[in-house]
Amino acid sequence: MGVLEFKDTLTSQVPAAKLFKAWFVDINTLLPMVAPDQVKSVDLIEGNGGPGSIKQVNFTEAVPIKYVKYKIDALDEKKLTYADTVIEGGELSDKVEKVTHEIKFIATSYGGSFVNSVTKFYTKEGASLTEDELKASKDGAFGLIKAVEAHLLAN
């Protein structure tokens, strides 16, 4: 098994605590509302929404994948940190065994935030991912975050 690790930083005008709450606490109702052309629903499959819980994001026909199911590994509203593991659907395929995300929101001096993320793709033995596959995964996630950000700025 190989591990491909990617670190990214997203800058937002939304305060860190507000963006964190929207993205990780209110996501079940917020994401289908701000991206109805891409997301049908976000369902809590198991747990109470905190660490150990399992959620499933169901996509519309406009998205090349049907759903992604993930387990919340960590959710700390005080430290503004979050981690999950994709356990079904999404990028998982004959090439990828699992995908993990670690995210930290940091307040900026101007009232916005930095969102630092580390994504790890655990590829199956002998498999590799193309640049296009990696870019599609990153662009999809960042596009949804930007939709949430736009909603928060407008409301």
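The values are calculated or read from the model by the stated rules, or taken from the named source; none is laboratory data. None of the values given here were measured: they were computed from a predicted structure. Positions of Cβ are generated from backbone atoms using ideal geometry, with glycine treated the same way; all protein chains shown enter the neighbour counts.
When Val3 is tested against (1) surrounded by 13 or more Cβ atoms within 10 Å (Cβ to Cβ); (2) part of a strand (DSSP E or B), exactly one condition is not met: (1).
For Leu153, state whether it is at pLDDT below 90 and either of a type outside the set (Lys, Arg) or under 19 Å from Lys66 (Cα atoms) (or both). No. Applying the criterion of being part of a helix (DSSP H, G or I) and not aliphatic (A, V, I, L, M) to the residues of the range 12-24, the residue that is surrounded by the fewest Cβ atoms within 10 Å (Cβ to Cβ) is Lys18.
The set of residues in the range 103-118 being among the hydrophobic types (A, V, I, L, M, F, W, C) and closer than 20 Å to Asp73 by Cα consists of Ile103, Phe105, Ile106, Val115, Val118. Considered as a group, the residues in the range 12-44 that are small (Gly, Ala, Ser) and in contact (Cβ under 8 Å) with a residue 24 or more places away in the chain include one that is nearest to Asn155 (Cα to Cα), and that residue is Ala22. Among strands (runs of 3 or more DSSP E) entirely within the range 25-119, having at least 1 residues that are modelled with pLDDT of 95 or more and in contact with a Leu (Cβ under 8 Å, 6 or more places away or on another chain) singles out 39-46, 54-59, 81-89, 96-107.
Checking Leu144 against (1) of a type outside the set (D, E, K, R); (2) surrounded by 16 or more Cβ atoms within 10 Å (Cβ to Cβ); (3) assigned to a strand (DSSP E or B), only one condition comes out false. Which one? Checking Leu144 against (1) of a type outside the set (D, E, K, R); (2) surrounded by 16 or more Cβ atoms within 10 Å (Cβ to Cβ); (3) assigned to a strand (DSSP E or B), the one that fails is (3). If the condition is being in contact with a strand residue (DSSP E or B) (Cβ under 9 Å, 6 or more places away or on another chain) and either closer than 16 Å to Val63 by Cα or surrounded by fewer than 16 Cβ atoms within 10 Å (Cβ to Cβ) (or both), then the range 108-119 contributes Thr108, Phe114, Asn116, Val118. Is it true that some residue in the range 80-103 is in contact (Cβ under 8 Å) with a residue 24 or more places away in the chain, at positive phi, surrounded by 17 or more Cβ atoms within 10 Å (Cβ to Cβ) and under 12 Å from the mean Cα position of the chain (by Cα)? Scanning the range 80-103, I find at least one residue that is in contact (Cβ under 8 Å) with a residue 24 or more places away in the chain, at positive phi, surrounded by 17 or more Cβ atoms within 10 Å (Cβ to Cβ) and under 12 Å from the mean Cα position of the chain (by Cα), so the answer is yes.
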